[in-house]
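A.B. asks: Sharing a structure, written as structure tokens. Questions coming.
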Amino acid sequence: MVKTKMQKSFAIGLTAVMALSLAACGNSDNKSNEGAATNAPKSTDSGNTATATTDSGKKVTLTFQNIYPDPATPAYKMIHELTDQYMKEHPNVKIELDTLNTDQQKVKLKTQAASKEVPDITIVNPAAQMKPFVDAGLFAPLNDMLDQNGLKDTYQEGLLDYYSFDNNVYALPDGNNIEVVYYNKELFEQAGIKNTPTTFEELLQDVKILKDKGITPMAIGEKDSWTGSFLFMNILLRTNGGPGFLQDVLDGKKTFEDPAFIEAVDAFQQLVQAGAFPDGATSIDANAGGNIFKTGKAAMWSIGSWETGAIDASSVAGKVGAFQFPTVNGKGDPNEFMLAPGSVFAVSANSEHLQETKDFLNFFASEYPKKQFELKNAVGIGQKVDGDLKAAGYSDLAVNIAGLFNQVKGGDLAFDNTMNPATAQVHLSSIQNLFVQKVDSAAVAKEHQTAFEANKE
């Protein structure tokens, strides 16, 4: 079911230049786009963002919690430029950015949710991670705001389903991504590695070669435990012979003690024990882990395609390619990916300025794809953009990633977007522990099954 739905979402418009056909609904006179690439998307909406608002003129302050902390990235520039633009055009509105890394933001939001003090706009992940907040009545439905300016039609078909409950859309995604393995071509050449690995055995061989040359094989920041889980799930996708393992567990068709899961834990531990990751990986957060790769100190980085723009803005720009996660023990299809419908912008149902918050988010989401295109960061966004990446000056890496999007046959969502939060937390801690010590794989599987049975909904 996940596979069918995701195939639909990824298939729409992901053609030669990727799925990008913007029906932009922002202000077509937006001066912040002056100087952008001539192939940037053009507005097809005859309306104007401002006409959709109900600006009362009263002074309001909105808090926008976000996960774009790195000033070197296009995402950081995007959020600052759009919020600055909105405040300039709406002098009565002040937008305060509460900027955190991903895991910090998750922890803070849980604390805020417990006291029903969710920020005006916050970030949350789709599906299972989002559902408890919706069930608690903490997020406002956004159907009315999406119907303004044709905003709903700018999203890739089927994508908003991951953020919908009982026919209400509760959040707007920032992306629609796949996990790939980025690699530094220069470091591969220095190590004498001519081809990217297509099998897990080749990957382990490359790890050994790189390690022997004094090069960190794979960057990671496992202090933020989702990073190791996301990588592990690639392996499970292969050992299971395709998507759907977690759904089979939920449906009672399999348990975590299934051979496919144990085999995946074995393989993951092989990667750890081979020295693939930086020393002290569990003390390095996701941003710092990414910077190991982006400063040329690691040969590979298995992460979502959302990092393409950040890599192109880093010191390794022009030196990086990307490949699919390889088969494992001869199993799996490289064109089945870990799929990542983006983290999303949700509005607090208890906001003191609900209408003003929706007005701002309407503007933000309307301008978002154009701004990302302008900043060379449109690969993997969840909205449609009409533009030729190559002609607009996008990098070879961006075009490479766009080509991988075209090959997607389906895949799985992340563990913590599929399982309930209690089971997901046990999983995240369990995988994180594998970076510290070797554990019997059957015991890891049993730990997962025990947690699942104890937390069935």
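A.B. asks: Taking segment 243-266 on its own, how many of its residues are surrounded by fewer than 17 Cβ atoms within 10 Å (Cβ to Cβ) and at positive phi?
C.D. replies: 1
A.B. asks: So SER315 ticks every box in (1) in a helix (DSSP H, G or I); (2) in contact with a Ser or Thr (Cβ under 8 Å, 6 or more places away or on another chain) but one. Which box is left unticked?
C.D. replies: (1)
A.B. asks: On to the next question. Consider GLY403 against the criteria (1) modelled with pLDDT under 95; (2) open to solvent by less than 10 Å² (accessible area, probe 1.4 Å); (3) at negative phi: it satisfies all of them except one. Which criterion is unmet?
C.D. replies: Status for GLY403: all satisfied but (2).
Listed here are the residues, each with its yes/no results for (1) closer than 27 Å to ALA276 by Cα; (2) among the hydrophobic types (A, V, I, L, M, F, W, C).
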| position | (1), (2) |
| --- | --- |
| GLU374 | no, no |
| ALA378 | no, yes |
| VAL399 | no, yes |
| ASP412 | yes, no |
| GLN425 | yes, no |
| PHE435 | yes, yes |
| GLU453 | no, no |
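A.B. asks: Regarding segment 415-428, can at least one residue be identified that is open to solvent by less than 50 Å² (accessible area, probe 1.4 Å), assigned to a helix (DSSP H, G or I) and more than 21 Å from ALA127 (Cα to Cα)?
C.D. replies: Applying the first criterion (open to solvent by less than 50 Å² (accessible area, probe 1.4 Å)) to segment 415-428 yields 415-420, 422-424, 426-428.
From what is left, the residues that are assigned to a helix (DSSP H, G or I) are 415-417, 422-424, 426-428.
Okay, now just the ones that are also more than 21 Å from ALA127 (Cα to Cα), so none.
No, because not a single residue in segment 415-428 is open to solvent by less than 50 Å² (accessible area, probe 1.4 Å), assigned to a helix (DSSP H, G or I) and more than 21 Å from ALA127 (Cα to Cα).
A.B. asks: Then there's this: Can you tell me which of ALA299, ALA365, ALA322, ALA276 is assigned to a loop (DSSP other than H, G, I, E, B) and either surrounded by 24 or more Cβ atoms within 10 Å (Cβ to Cβ) or under 18 Å from the mean Cα position of the chain (by Cα) (or both)?
C.D. replies: Numbers: ALA299 fails: assigned to a loop (DSSP other than H, G, I, E, B); ALA365 fails: assigned to a loop (DSSP other than H, G, I, E, B); ALA322 fails: assigned to a loop (DSSP other than H, G, I, E, B).
Of ALA299, ALA365, ALA322, ALA276, the one residue that is assigned to a loop (DSSP other than H, G, I, E, B) and either surrounded by 24 or more Cβ atoms within 10 Å (Cβ to Cβ) or under 18 Å from the mean Cα position of the chain (by Cα) (or both) is ALA276.
A.B. asks: Considering only segment 432-444, I want to know if a residue exists there that is within 27 Å of GLN247 (Cβ to Cβ), within 18 Å of the chain's Cα centre (by Cα) and open to solvent by less than 20 Å² (accessible area, probe 1.4 Å).
C.D. replies: Scanning segment 432-444 turns up no residue that is within 27 Å of GLN247 (Cβ to Cβ), within 18 Å of the chain's Cα centre (by Cα) and open to solvent by less than 20 Å² (accessible area, probe 1.4 Å).
A.B. asks: Also: Name every residue in segment 199-224 that is β-branched (Val, Ile, Thr) and under 30 Å from VAL107 (Cβ atoms), in order of residue number.
C.D. replies: Taking segment 199-224 first, the residues β-branched (Val, Ile, Thr) are 199, 207, 209, 215-216, 220.
Passing the criteria: THR216, ILE220.
A.B. asks: What are the residues in segment 60-77 that are out of contact with any Gly (no Cβ under 9 Å at 6 or more places or on another chain), within 27 Å of ALA317 (Cα to Cα), buried (at least 20 other Cβ atoms within 10 Å of the Cβ) and aliphatic (A, V, I, L, M), if any?
C.D. replies: Residue satisfying the conditions is ILE67 alone.
A.B. asks: Within segment 94-118, which residues are open to solvent by 10 Å² or more (accessible area, probe 1.4 Å) and either in contact with a Gly (Cβ under 7 Å, 6 or more places away or on another chain) or of a type in the set (A, V, I, L, M, F, W, C) (or both)? Please lay out each step first, then the result.
C.D. replies: Initially, segment 94-118 is screened for residues open to solvent by 10 Å² or more (accessible area, probe 1.4 Å), giving 94-104, 106-108, 110-118.
Listed by number, the residues that qualify are ILE95, LEU97, LEU100, VAL107, ALA113, ALA114, VAL118.
A.B. asks: On to the next question. Kindly list the number of the only condition in (1) surrounded by 15 or more Cβ atoms within 10 Å (Cβ to Cβ); (2) over 19 Å from GLU257 (Cα atoms); (3) free of Cβ contacts under 8 Å to residues at least 24 places away in the same chain that fails for VAL408.
C.D. replies: Checking VAL408 against (1) surrounded by 15 or more Cβ atoms within 10 Å (Cβ to Cβ); (2) over 19 Å from GLU257 (Cα atoms); (3) free of Cβ contacts under 8 Å to residues at least 24 places away in the same chain, the one that fails is (3).
A.B. asks: Search segment 358-412 for residues being out of contact with any Pro (no Cβ under 6 Å at 6 or more places or on another chain) and acidic (Asp, Glu), and hand back the single one that is nearest to PHE64 (Cα to Cα).
C.D. replies: ASP359
Condition check ((1) modelled with pLDDT under 95; (2) of a type in the set (Val, Ile, Thr); (3) under 25 Å from THR122 (Cα atoms)) across all residues:
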position	(1), (2), (3)
ALA276	no, no, no
PHE293	no, no, no
GLY296	no, no, no
GLN324	no, no, no
LEU339	yes, no, yes
ALA349	no, no, yes
LEU354	no, no, yes
TYR368	no, no, yes
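The values are calculated or read from the model by the stated rules, or taken from the named source; none is laboratory data. Remember, predicted model here, so these are calculated numbers, not experimental data. FYI the Cβ positions are ideal-geometry reconstructions off the backbone, even for glycines, and counts take in every protein chain you see. With ligands, DNA and RNA removed, areas are computed over all heavy atoms of the protein, side chains included. Shrake-Rupley method; radii C 1.70, N 1.55, O 1.52, S 1.80 Å.
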